[in-house]
Amino acid sequence: MGYLVDTTGRLLLPTADEGAAFEALTAAMATRQGWFDPKDDQWPVSSLADLATYAATSVERDGEWLVLATDDQGDPKWSEQATAFYAELARWVTQGTVLITGEDGSQWRYTYADGGLTQSDVNGWDGSLEPFGSPDEEELPVEEPQRRGWFRRR
């Protein structure tokens, strides 16, 4: 079970900052719900590329750029840890864009500029308009009123 996603993007993360970014991302993801457990020795994580698999993406370096793509070798499911990964990257990435497409066809985009992050469109996993934000009220399903077993007419 889980919400499968496809990912594509390019982020400018200077090579010199990758180690510090990895440490910060590891700490941010460890406090959130998901499949990454820093204490699990069975699946050691020693690089940004290793950590990215727990954020439903693969990462390859192209000079100063990170190229993100769907993690076809793993199990690309979204979680709070994936959100934490992208949100924490904003401290380290100076520019770039990531497009995420959910299993239901919903798409949202993270745009990075000058140490900030902007989310475009609604996150298909949690319905939020920003990382760790409240669900978009317009996107929430309308619930049927509960029916009672009896009623009286006046």
Report task. Return a yes/no flag: does the stretch 136-150 have any residue that is under 26 Å from Thr15 (Cα atoms) and at pLDDT below 95. Result -> no
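To keep it simple, each residue is scored yes or no on (1) under 20 Å from Gly34 (Cα atoms); (2) more than 12 Å from the chain's Cα centre (by Cα).
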{"residue": "Gly96", "(1), (2)": "no, yes"}
{"residue": "Ile100", "(1), (2)": "yes, no"}
{"residue": "Arg109", "(1), (2)": "no, no"}
{"residue": "Asp126", "(1), (2)": "yes, no"}
{"residue": "Phe132", "(1), (2)": "yes, no"}
Query raised in the report: In the stretch 33-55, how many residues are among the acidic types (Asp, Glu) and either in contact (Cβ under 8 Å) with a residue 24 or more places away in the chain or under 17 Å from Leu13 (Cβ atoms) (or both)?
Result: 1
Query - Selection from the stretch 107-133 of residues that are out of contact with any strand residue (DSSP E or B) (no Cβ under 9 Å at 6 or more places or on another chain) and either part of a loop (DSSP other than H, G, I, E, B) or open to solvent by 50 Å² or more (accessible area, probe 1.4 Å) (or both) - result: Gly115, Phe132
Query raised in the report: Which one is nearest to the chain's Cα centre (by Cα) among residues in the stretch 72-91 that are farther than 10 Å from Trp125 by Cα and surrounded by fewer than 21 Cβ atoms within 10 Å (Cβ to Cβ)?
Result: Ala87
Requested in this report: Please tell me if Arg32 is modelled with pLDDT of 95 or more, basic (Lys, Arg) and not in a strand (DSSP E or B).
Outcome: yes
Query raised in the report: If you go through the stretch 24-44 one residue at a time, do you hit one that is farther than 18 Å from Pro131 by Cβ and open to solvent by less than 50 Å² (accessible area, probe 1.4 Å)?
Result: no
Report summary line: Residue hits (the stretch 70-99; within 15 Å of Tyr54 (Cβ to Cβ) and part of a strand (DSSP E or B)) are Thr70, Lys77, Trp78
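The values are calculated or read from the model by the stated rules, or taken from the named source; none is laboratory data. These numbers were taken from a predicted model, which means no experiment stands behind them. Here Cβ is always computed from backbone atoms with ideal geometry, including for glycine, and neighbour counts include all displayed protein chains. Only protein heavy atoms, including side chains, enter the accessible area calculation; ligands, DNA and RNA are left aside. Shrake-Rupley method; radii C 1.70, N 1.55, O 1.52, S 1.80 Å.
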